1. I'd like the accessible area for ARG10, computed on protein heavy atoms only with a 1.4 Å probe and all protein chains in place. Round to 10 Å², please.
2. Measure nothing but the geometry: give the 0 to 90° angle between the long axis through the Cα atoms of 208-230 and the longest principal axis through the Cα atoms of the chain, rounded to 10°.
3. Take the Cα pairs of the chain, get the Kirkwood Rh, then feed it into Stokes-Einstein at 37 °C and 0.692 mPa s and tell me D in µm²/s.
4. Report Rg/Rh for the range 6-56, rounded to two decimals, where Rg is the Cα radius of gyration and Rh the Kirkwood radius.
5. Any idea how far apart GLN140 and ALA198 come out in nm if each label point goes 7 Å out from Cα toward Cβ?
6. Could you give each residue of the range 126-137 its phi-based ³J(HN,Hα) in whole Hz, using Karplus coefficients 6.51, -1.76, 1.60 with θ = phi - 60°, and x for Gly or Pro?
7. Can you compute 3J(HN,Hα) from phi for each residue in the range 54-66, using the Karplus curve 6.51 cos²θ - 1.76 cosθ + 1.60 with θ = phi - 60°, rounded to whole Hz and x for Gly and Pro?
8. How much accessible surface does TRP133 have with a 1.4 Å probe, in Å² rounded to 10?
Amino acid sequence: MGNQRMSHIRATVVIPCRDEAESLPALVRALPVDLHPLVVDNGSTDGTAGIAASLGCTVVHQPIPGYGSAVNAGIAASKTEIVCTIDGDGSMDPADLTRLVEAVVAGADLAVGRRRPVDRRSWPLHSRLGTQWIARRLRQRYRLPIHDIGPLRAARRDDLLGLGITDRRFGYPVELLARAGAAGWHVVEVDTIYRARAGGTSKVSGSLKGTWRAAHDFLKVLRQMEKHVAH
C-alpha cells in the first residue's frame, strides 16, 4: 500500500493520534489512494505508532501534548503542496477528503467539513450546541460561511504555516478559522459524514469534562483573536 500511495500522491493527510490503535487501520485502508497518511503520534501507549508504520504511513512523534501541537507538527512535516486533516477515531468518512482537496485545487484557500451526524450517538448534544455557538460567532465576526469547527480540513501547506497559528491545544481550529477570516481567505464548507467513533475513548465529546476543556480553549482563542483584530 505504501508504494502505491507514494507513486500517486495528491495531498498529505495529517492524522493526529493518541491511543487510536483500534480505529486507525480501517481509517487508513479507506483513504483514497492519492492521499498519503501522515500519523502524528501524540504520546500513545497502545502501539499506535507501530501500527501506523505497518500500514505504510509516515509517522511523526510529537511528545508535546495537545491537538494543535500534533496537527502543527504534521503539517510542518508534510512534503506536498496540499495538506488535509482528519481525526484518527474513525468517526469520519475518509472519502470526503477528496471533495475538500478538489475545492482547494479549484481555488479555495481553505475547505472545511460540516459534520452531518448519521445518528444521535454520533454527536452528543452538549458538544454540538457549543460548537454551533462558536461557529455562529465566527460567522458574525469574520463573515465566514461556516456552521462547524470540525477536524476535516484541506488547505495549502505553506499558507497554513504562514497564518502563524499559536494555539497548541483544542483551540487550534478556532484560531485557524479566525486567522483565515481576518486574512480574507476564500473559505468553503462541505457537508461530511459524522458517526460514532470506531474505537477507543473520545478526548472531547465523549465526556462533559472533555467538552468543557475544549469549549474553554475555543473561547479563550476567540476572545484573543477578537481583541487582536479590534486593535
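The values are calculated or read from the model by the stated rules, or taken from the named source; none is laboratory data. The model shown is predicted, which means the values in this text are computed figures rather than measured ones. With ideal geometry, Cβ positions are generated from the backbone for all residues, glycine too; neighbour counts draw on all protein chains shown. Heavy atoms of the whole protein, side chains included, go into the accessibility calculation; ligands, DNA and RNA do not. Shrake-Rupley method; radii C 1.70, N 1.55, O 1.52, S 1.80 Å.
1. 90
2. 60
3. Values: Rh = 17.5 Å.
Stokes-Einstein gives a translational diffusion coefficient of 188 µm²/s.
4. On the way: Rg = 10.7 Å, Rh = 11.1 Å.
Rg/Rh: 0.96.
5. 3.9
6. After applying 6.51 cos²θ - 1.76 cosθ + 1.60, I find 4, 6, 5, 5, x, 5, 5, 5, 5, 4, 5, 4 Hz.
7. 5, 8, x, 7, 6, 10, 10, 9, 10, x, 6, x, x
8. 110
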